[in-house]
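**Student:** Got a structure for you, questions after.
Where a number appears in this text, it was derived from the coordinates with a stated rule and is not lab data. Model, not experiment: these values are computed from the prediction. Here the Cβ is made from the backbone with ideal geometry for all residues, glycine too, and neighbour counts use every protein chain on show.
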Amino acid sequence: MKNLAKRVLKGRTRKLVGNFYHKSLFLYFMLKKGFWQRNVKGFRKVKKPIKPYAFIRVCNEIPTLKASLESIVFLERGVIVYNDCTDGSEEVILEFCKKYSDFKAYKYPHKVKRPYAPGEVFPEGYKELYEYYNFALDKIPKDEWLLKIDVDQIYMQDITEESFKLIEYENDIVCYPRVNLHVLDGEVLVSKDIPLSDVDDHWLIFNHNLSFKMCANSHGVMEVLVLPHSGIRVKKSSINSFHFPVLKKQRFVSDKSKFFTWEEFKARYKEDSSKLIRGGYTPLSMGEEILDLDLFDEKLPEILEKIDYPYKDTKDI
């Protein structure tokens, strides 16, 4: 029978059948591997609502710290690691954890190198940023979801919780863009240099074989998250927080020329939002906007009242 088939399937026909057979076999094993992966930890389908741990690191963030922590109470649990705080941040953290006992505070017993230029020298005993991050990550239970929280951001519960629904499998990751705000003498401003950040460095992710390592590039030496495998599926949330990156004293900027007014920013955003976004922008599903301007207009006055300004005006800096 086999020899008969060979005689019948001659020339081009035989070659086409052979190619089809091998491609079908390859596809079968690839699909089989995919289905097998879905039963492996780190790839399984998520069947329960996501309840992530807050993953928080703090160093002298007093202007927004209390407001930020109070804005994530809905997460119900998390880890707050802090180091070398001299502005009252430690006291705020400990008081928060006393009030909400499922948030745990850990003091890192070393000074930490901020992101720095290659070749820059620090005193003996300073630890790299990635070591600090790994210390914090080790406090999060393995094979649980975690949400990276920065305390210069004040979060919106509804958008954040809605983003959890984007997760289907354990190898999904939700990334969060940001609008970079500032306040000078009571006026809300937006960074001209980077109005909107979409660089995938804030995420909701499954804590399976995660770690941080050192990264050195043209921007300096810093930390980078090492993903456990190449099968990560990136989902995108709309902006879920009010980000004040240069309000803290150690990074404060007093030059108004470096910022748009809020009204200028809104006009530019409505004209062409893509020109304001820095990073590998991924459009949201269903044609959603990355930023809800009406919602920000509504909530900004309330947010500004929650900020703890350690100085009365720019002359105090």
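**Student:** Pull up the cross-link candidates among the aspartates and glutamates for K48, meaning alpha carbon to alpha carbon under 19 Å and not fewer than 8 places away within one chain.
**Tutor:** E76, D143, E144, D158, E161, E162, E168, E170, D172
**Student:** Further, regarding this structure: Students often get this wrong, so check it: of K258/K306; K66/K236; K66/K306; K45/K235, which have C-alpha atoms separated by over 20 Å? Let's see the in-between values first.
**Tutor:** Working: K258/K306 24 Å; K66/K236 27 Å; K66/K306 8 Å; K45/K235 15 Å.
Too far apart for the 20 Å limit: K258/K306; K66/K236.
**Student:** Modelled label-to-label distance, K47 and E144, 7 Å Cα→beta-carbon offset: nm?
**Tutor:** Taking the two extended label points, one gets 2.1 nm.
**Student:** Oh, and also: Most exposed first by the Cβ proxy, i.e. fewest other Cβ within 10 Å, how do F43, F55, F122 rank? Mind showing how you got there, number by number?
**Tutor:** On the way: F43 18, F55 25, F122 13.
Fewest to most other Cβ atoms nearby, the residues stand as F122, F43, F55.
**Student:** Taking the number of other C-beta atoms within 10 Å as the exposure measure, put S197, S241 in order starting with the fewest.
**Tutor:** On the way: S197 20, S241 24.
So the ranking, lowest neighbour count to highest, is S197, S241.
**Student:** To continue, here is another question. Taking segment 112-196 on its own, what percent of its Cα-Cα pair distances exceed 15 Å?
**Tutor:** 76
**Student:** In nm, to one decimal, how far is the modelled label at K192 from the one at M214, with both set 7 Å along Cα→Cβ?
**Tutor:** The two pseudo-label positions are separated by 3.7 nm.
**Student:** How do F135, F252, F244 line up, fewest other C-beta atoms within 10 Å first?
**Tutor:** Ordered by Cβ neighbours within 10 Å, fewest first: F252, F135, F244.
**Student:** Also, I was wondering about something else. Identify all aspartates and glutamates with a Cα-Cα distance to K111 below 12 Å; exclude those on the same chain that are fewer than 8 residues away in sequence.
**Tutor:** Filter leaves D84, E124, E128, E131.
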